[in-house]
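Visitor: I have a structure here, written as structure tokens, and I will follow up with some questions on it.
The values are calculated or read from the model by the stated rules, or taken from the named source; none is laboratory data. Just so it is clear, the model here is predicted, and its values are computed rather than measured. Methodologically, a virtual Cβ is constructed for each residue, glycine included, from the backbone with ideal geometry; neighbour enumeration extends over all protein chains shown.
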Amino acid sequence: MNKNAKWITAPRDMGVAATTFRRELTCNKEIKKATLCASAMGNYALFLNGERVGKGVLAPGWTSYKTRVLYQTYDLTSLLRAENRLEISVGQGWAVGYIGHVNTNHCFAERTAVVAWLHIRYADGTEEELVTDEAWDVYTNEVTFTEIYHGETVDKTAPIECIGKAMLDPTVKSKLVPQDGEWITEHERLAPIEIFRTPKGELVLDFGQNMTGYVEVRAKGKRGDRIVIHHAEVLDAEGNFYTGNFRHARNENTYILSGGEDVFKPTYTFQGFRYIQLVEYPFDTVDPDCFRAVVVHSDIKRTGEFRCGNEKINQLYHNIIWGQKSNYLDIPTDCPQRDERLGWTGDAQIFCRTAAINFDVEKFFRKWMRDLAIEQGPDGSIRGTVPDSMPDHPTRISAAWGDVACVVPWELYMAYGNKAMLREQFPTMVRWVEYMHATGEEEFLWLTGQHYGDWLAMDAGEDSYVGATSCDFIASAFFAYSTELLVRAGEVLGKDMTKYREMYQKIRARILEYFFEEDGTPKEKLPLTEVRPAYRLHKPPIDQVRSCMTQTTLVLMLHFRLCPEKDRERYGNMLVQMIRENGNLMSTGFVGTPYLLHALTATGHADVAYELLMEERAPSWLYSVNHGATTMWEHWNSLKEDGTFWSTDMNSFNHYAYGTVYDWIFGAALGIKPTSPAYREIEIAPHPNKCLGWAEGSVESRSGKIRSHWYYKGDVVYYEFDIPEGVTARVTLPGGFTTCLGGGSYRFAE
Ligand code: BGC
């Protein structure tokens, strides 16, 4: 960014309205190259001669604004004319408007501001520069209200007037950094599949797909007529429009018609929805062609594909993909609709392996992990959300959430083989492990703390938020896991990891001593160490004694390889027994679910893993599919059998976390696993099962496209594998046949 470019703001506080900064510019000579860089506190849009410039929306994206804000670069070479009007309009966005888990505004900046720099090189070799300064004019904007959570008002009748010259804004101290993530862009345009009246008489359009973005509306009506749109993900039991789960987020877009041909959509915000209600609509009939739901997400490239012979599982896969698209909007969010939409670290770490199979997320995560490193506390702590919007009410430091610091760099290294990111994040990994080491009275366990636990598990009763598994156990197990990943990362980077290797062994040993009986049985009851005040959402109250006799405990012991080798079979059997005793149902939440099917498969119970995959009662993946889901739900029974809702408080219908089951489908059902970074060496060990009929999936890896396909003819299973040149694959078929293969296409039958 050019040093002469200054942060500028409006001469008066524009409050919730957008503002336009304008500059006229004459270019009388032939232009060789014209480049403009711009950024904002707030979300901005760039216009040249009245036309929107660039492929991005919702720029500059969301970073730890107080420390750094990204600027975007635009090529104006072919767009500049002799006389030009350059405009940057800005709305409150993430930086200025209401945001965060306690929902306050001005978290990062008191008011909107912009900065820009245009550099022109003429064909005659001369150069010209235009920067933001006090010479820019400031105008009102047709967007008279904009908030991330509450929606936008576009008033085409609003007078657009100059309110004076721009003022310098010395309050913005953030470092300007070139765009280092993906652009946020528009994608599919969905037409409504149905227009109907609900029993209450609400006029509703159904786009058939829960999604993130906004509805573009075309209208030609009387000047001053209004269109008011509300959004919803689901209908209630009676079939009426339901917005209770949005909590405080109003998600209301109001459009005031100019009298001519209008096209409306929000510029500085977005919504999560499948349905819209036309709360006010000035026409007698609704023309479906006037409405398009525009899907918006980070411009990540699709790399994974999957199909099988079971349509419900195909729908589940579809829901996983749409869950990711809906929540990869510059940062990995928990959900796109209610008054959160935050970079919850736990959700991100749980899902990142699946994410990297589905899409190329290397750049996407590189940017977010940089913000995570910036926000790491001086003691090494990592908060629940990044960016953390509330310094006065920061999110908690919780096990399995903070471990994002170690899990994401390692998973991305395995997926993409890029040592640079591992090197960049290594200090953050070390400090997180040291934080856990220093926390609590025990050196090699993490006892005490305020954790999110096995978030939303149903084994402490349907209303519990943290599940039954001991938070101390989860914290200590993740302490071990992160330390192990740190050791692996250090070894890749050629560091001496003796200290952390020893630390890992000691944590492992202490976990067995503290949480397990001498014969290796998990302890039924454990002392309570949770620090008060208890999380307000704890139901039942937190002072209930927690247990290690849970599915999640066994899953973590197995998947993190914490249980002694000799006990693995026994633990696997115990896990199956617990599932049986639970009526053949899982009882895991955010922490246990991602590894549950892996733990079963690894101990010889792939059949039980398939039973759970195919289960249709809640909790199960197909429960939501059977209830019409088009994205992943936050809670196993977000919508109950009787059509009522699990809660209004924590009930998103677009929460990708449980979509991690795809990394089991890919890694175990299809059987593709990288055993060295970037899939240069892989294992193909499929677990076919007749319940899927056949299955076929692929990943476009950095080493080429890898595909696994199996199908049945009677009881014989046929396998096809595509292995790219330069990749070595160790193939193991269920019957015991093994072989080592290089690049090529292969067929087997067993
Ligand atoms: C979010 C979750 C998040 C959790 C922390 C919720 O409000 O939606 O996905 O991980 O808080 O427990």
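Visitor: Residues that are under 16 Å from M211 (Cβ atoms), over 14 Å from the mean Cα position of the chain (by Cα) and away from the ligand (no atom under 12 Å from the Cβ): does the stretch 305-316 have at least one?
Guide: Yes; the residues of the stretch 305-316 include at least one that is under 16 Å from M211 (Cβ atoms), over 14 Å from the mean Cα position of the chain (by Cα) and away from the ligand (no atom under 12 Å from the Cβ).
Visitor: Another question about this same structure. From V217, V228, V263, grab the single residue that is surrounded by fewer than 16 Cβ atoms within 10 Å (Cβ to Cβ), β-branched (V, I, T) and either more than 20 Å from the chain's Cα centre (by Cα) or not in a strand (DSSP E or B) (or both).
Guide: Unique residue meeting the criteria: V263.
Visitor: Right, next: Filtering the stretch 627-643 down to residues that are more than 15 Å from F590 (Cα to Cα) and buried (at least 20 other Cβ atoms within 10 Å of the Cβ), which residue is nearest to the ligand (Cβ to nearest atom)?
Guide: Selected residue: T631.
Visitor: For the stretch 81-136, name all the residues that are among the basic types (K, R) and buried (at least 20 other Cβ atoms within 10 Å of the Cβ).
Guide: R111
Visitor: Read through the list (1) part of a strand (DSSP E or B); (2) among the small types (G, A, S); (3) closer than 21 Å to A629 by Cβ, then give the number of the only condition that A249 fails.
Guide: (1)
Visitor: Something else now. Being under 25 Å from the mean Cα position of the chain (by Cα), within 16 Å of the ligand (Cβ to nearest atom) and of a type outside the set (V, I, T) narrows it down to one of Y481, Y452, so name that one.
Guide: Matching residue, one of Y481, Y452: Y452.
Visitor: Would you check which residues across the stretch 7-17 are surrounded by 22 or more Cβ atoms within 10 Å (Cβ to Cβ) and assigned to a loop (DSSP other than H, G, I, E, B) and list them?
Guide: Result: W7, A10, M14.
Visitor: To continue, here is another question. Give me a count of the residues in the stretch 667-684 that are within 30 Å of L639 (Cα to Cα) and buried (at least 24 other Cβ atoms within 10 Å of the Cβ).
Guide: 1
Visitor: With the condition being buried (at least 20 other Cβ atoms within 10 Å of the Cβ) and of a type in the set (S, T, N, Q), I'd like the strands (runs of 3 or more DSSP E) fully within the stretch 141-190 carrying at least 1 qualifying residues.
Guide: In the stretch 141-190, the matching strands (runs of 3 or more DSSP E) lie at 143-147, 151-155.
Visitor: So, one more: Among the residues of the stretch 407-414, is there at least one that is assigned by TED's automatic domain parsing to the domain that holds M503, within 16 Å of the ligand (Cβ to nearest atom) and either at pLDDT 90 or above or farther than 30 Å from L585 by Cβ (or both)?
Guide: Checking the stretch 407-414: at least one residue is assigned by TED's automatic domain parsing to the domain that holds M503, within 16 Å of the ligand (Cβ to nearest atom) and either at pLDDT 90 or above or farther than 30 Å from L585 by Cβ (or both).
Visitor: On the basis of being under 30 Å from P332 (Cα atoms), among the hydroxyl-bearing types (S, T, Y) and in contact with a Phe, Trp or Tyr (Cβ under 7 Å, 6 or more places away or on another chain), does S64 make the cut?
Guide: no
Visitor: Considering the stretch 389-408 alone, what residues qualify as being over 17 Å from Y452 (Cα atoms) and within 16 Å of the chain's Cα centre (by Cα)?
Guide: V407, V408
Visitor: With respect to P394, determine if the residue is surrounded by fewer than 23 Cβ atoms within 10 Å (Cβ to Cβ), free of Cβ contacts under 8 Å to residues at least 40 places away in the same chain and within 14 Å of the ligand (Cβ to nearest atom).
Guide: Yes.
Visitor: State which residue is nearest to the chain's Cα centre (by Cα) when the search covers only the stretch 372-388 and only residues that are more than 13 Å from the ligand (Cβ to nearest atom) and touching a residue at least 60 places away in the same chain (Cβ under 8 Å).
Guide: Selected residue: P387.
Visitor: Kindly provide the set of residues from the stretch 546-579 that are at pLDDT below 95 and touching an Asp or Glu at 6+ places or on another chain (Cβ under 9 Å), ordered by number.
Guide: Hits for the stretch 546-579 are R546, S547, C548, M549, T550.
Visitor: So for the stretch 644-658 (the condition being crowded, with 24+ Cβ neighbours inside 10 Å and either part of a helix (DSSP H, G or I) or at positive phi (or both)), does at least one residue qualify?
Guide: yes
Visitor: Checking G402 against (1) within 15 Å of the ligand (Cβ to nearest atom); (2) more than 29 Å from G151 (Cβ to Cβ); (3) of a type outside the set (K, R); (4) not in a loop (DSSP other than H, G, I, E, B), which single condition isn't satisfied?
Guide: Result: G402 fails condition (4) only.
Visitor: Can you pull out the strands (runs of 3 or more DSSP E) entirely within the stretch 679-745 that have at least 2 residues that are under 29 Å from the mean Cα position of the chain (by Cα)?
Guide: It comes to 681-684, 694-701, 704-713.
Visitor: Could you figure out which of (1) outside the structural domain of L622 (by TED's automatic domain parsing); (2) within 30 Å of P60 (Cα to Cα) isn't true of I320?
Guide: (1)
Visitor: Only residues in the stretch 641-665 that are closer than 24 Å to I321 by Cβ count as the first member; pair them with residues that are among the hydrophobic types (A, V, I, L, M, F, W, C) and more than 15 Å from the ligand (Cβ to nearest atom), Cβ under 6 angstrom, at least 6 apart or cross-chain, and list the lot.
Guide: N651/F645; F653/V234; G659/I320; V661/W621; Y662/I320; W664/L597
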